[in-house]
Amino acid sequence: MTKTKKNKTQNKLVFNPFSRAFHNNPYPIYERLRNEDPIHWSFLKAWIITRYQDVDTILKDNLFQVDDLPLRLEEKSAYLKQGNFLPLAKTIDKWLFFQQPPNHTRLRSLVNKSFSPASVGNMKEEIEAKVNHLLDKVIPTGKMDLIDDLASPLPAMTVTNILGLPPEDCYKLIHWSYELFFVFDQPMSLEGYEKQNKMAMEAREYLLTFIANIDENSQGLIADLVKAKDEENKLDEDEILGFCIMLLIVGQETTKSFISNSILALLQHPKKLQELKDNPEIIKEASEELLRYDTPVQVIARLAREDVEIGGKTILKGDKVILFLGGANRDENKFPNPEKIEFQRSNRNLPFGGGIHFCLGAFLARLQGQISINRIVQRLPNLQLVNQTPDWRESITLRGLKSLPLTFDKNDIKTD
């Protein structure tokens, strides 16, 4: 025990993930952590892990379990003068991120087919049509905000279609996801949780109304889940609501950031932009490297189930461990010259987590990103940034832009 206390207090490096410098560019900070204190005890009362090998190992190790955020949310209700956070806690409690086997296995088995490589591959033409449609709307103007005009509406349109929701309701999803995704950011003010609680109540009410009108002719994943509930008693109402809200929220924000982060990186590296423009067939390799270079989901949290020693530090049972995927994906021991974009890399990166909690929508996110990035690069000539200083969102969990204004030469457009 004495050795463990010393491990937690002896390092002098101060890691502040709330600073503007960190939001603007966390990668030099990750590098310093990897070199000086890769198993770092933070003022957040959690271990900060930034080396690839450590992150990959913990993601797959059953000595670490998912975070207990839903329970902590319920407990925070005691600090409110009135009301509670129960709707928010009940909603995220059913997200796969917070489920352990056998519940995790049961829930995932019901939807795996809908997000398998084969099922996602069947959506390719439809996604291509959506991307071209969104680009066609902005081409006459010679300018666009990539996030508002494409990166945000595309995944919202795709997920509403998968779930069987009315296409016009995709804008409700955009509204909810912008706030609810950041329930992962810890710590947060009570006011922040109250806002998210309101979003959760709105989303639950919307889905309950939709579910009430499902009949035998209804199509989509929500109808399939309701059928599983009715015929096989596999799901209860809270599971259906929580699971659907998870799909609505998480796929939206990660895909949006994947697309916008990638286009920003290409514009900041014009030779790589030209390389992809000249070789559109390398889009799969290019998109994987762009996911590594500026990973949308930067953080995954775990809790130690037992005392574990890693890198000479003892992580106690119950300790929180924060795995920085963004740091792991820039580890020079795994990726030589990690600050460079190299489309030919073959090493596996960690953009979507790992182990049994590997992201359910990874194939779908990849496909939407590949199509969007390639279409933008190929269709929009002389693509330029309006602002040379990107405006990043203030988040620990998600590395994403608030906006990305672009211009292009509308008089030299390729038609499809």
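The values are calculated or read from the model by the stated rules, or taken from the named source; none is laboratory data. What you see is a predicted model; the values in this text were computed from it and never measured. Every residue, glycine as well, gets a Cβ built from its backbone with ideal geometry; the counts of neighbours run over all protein chains shown. When the accessible area is computed, the model is the full protein with side chains, heavy atoms only, and any ligands, DNA or RNA have been set aside. Shrake-Rupley method; radii C 1.70, N 1.55, O 1.52, S 1.80 Å.
Results, tabulated for the structure shown:
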{"quantity": "Count of residues meeting criterion [open to solvent by less than 50 Å² (accessible area, probe 1.4 Å) and among the acidic types (Asp, Glu)] in the stretch 150-178", "calculated": "1"}
{"quantity": "Test: residue in the stretch 317-336 that is among the aromatic types (Phe, Trp, Tyr), open to solvent by less than 20 Å² (accessible area, probe 1.4 Å) and assigned to a loop (DSSP other than H, G, I, E, B)", "calculated": "yes"}
{"quantity": "Every residue from the stretch 195-220 that is open to solvent by 90 Å² or more (accessible area, probe 1.4 Å) and under 18 Å from Phe182 (Cα atoms)", "calculated": "Lys195, Lys198, Met201"}
{"quantity": "Of residues in the stretch 390-400 being closer than 20 Å to Ile300 by Cβ and not β-branched (Val, Ile, Thr), the one surrounded by the fewest Cβ atoms within 10 Å (Cβ to Cβ)", "calculated": "Glu394"}
{"quantity": "Test: residue in the stretch 73-82 that is outside any strand (DSSP E or B), among the aliphatic types (A, V, I, L, M) and touching a His at 6+ places or on another chain (Cβ under 7 Å)", "calculated": "no"}
{"quantity": "Residue in the stretch 374-389 that is touching a residue at least 60 places away in the same chain (Cβ under 8 Å), open to solvent by less than 10 Å² (accessible area, probe 1.4 Å) and in a loop (DSSP other than H, G, I, E, B) present", "calculated": "yes"}
{"quantity": "The stretch 265-288, residues that are basic (Lys, Arg) and open to solvent by 50 Å² or more (accessible area, probe 1.4 Å)", "calculated": "Lys271, Lys277, Lys284"}
{"quantity": "Residue tally, condition among the β-branched types (Val, Ile, Thr) and either in contact with a Cys (Cβ under 8 Å, 6 or more places away or on another chain) or open to solvent by 60 Å² or more (accessible area, probe 1.4 Å) (or both), over the stretch 41-100", "calculated": "1"}
{"quantity": "Those residues of the stretch 401-416 which are outside any loop (DSSP other than H, G, I, E, B) and either open to solvent by less than 30 Å² (accessible area, probe 1.4 Å) or out of contact with any strand residue (DSSP E or B) (no Cβ under 9 Å at 6 or more places or on another chain) (or both), in sequence order", "calculated": "Leu401, Leu406, Asn411, Asp412"}
{"quantity": "Residue within the stretch 121-138 that is in contact with a Gly (Cβ under 9 Å, 6 or more places away or on another chain), buried (at least 16 other Cβ atoms within 10 Å of the Cβ) and either on the phi < 0 side of the Ramachandran plot or part of a loop (DSSP other than H, G, I, E, B) (or both) present", "calculated": "no"}
{"quantity": "Hits in the stretch 139-149 - residues which are open to solvent by 40 Å² or more (accessible area, probe 1.4 Å) and in a helix (DSSP H, G or I)", "calculated": "Pro140, Thr141, Asp148, Asp149"}
{"quantity": "Every pair of residues 6+ apart whose Cβ atoms lie under 8 Å, when the first sits in the stretch 257-281 and is touching a residue at least 60 places away in the same chain (Cβ under 8 Å) while the second is open to solvent by 10 Å² or more (accessible area, probe 1.4 Å) and among the polar types (S, T, N, Q)", "calculated": "Leu267/Gln384; Leu276/Asn374; Lys277/Gln378; Pro280/Asn374; Pro280/Gln378"}
{"quantity": "Residues within the stretch 350-371 that are in contact with an Asp or Glu (Cβ under 7 Å, 6 or more places away or on another chain) and surrounded by 21 or more Cβ atoms within 10 Å (Cβ to Cβ), tallied", "calculated": "2"}
{"quantity": "Filter pass, Glu205 being within 30 Å of Asp68 (Cα to Cα) and either of a type in the set (Ser, Thr, Tyr) or at pLDDT 90 or above (or both)", "calculated": "yes"}
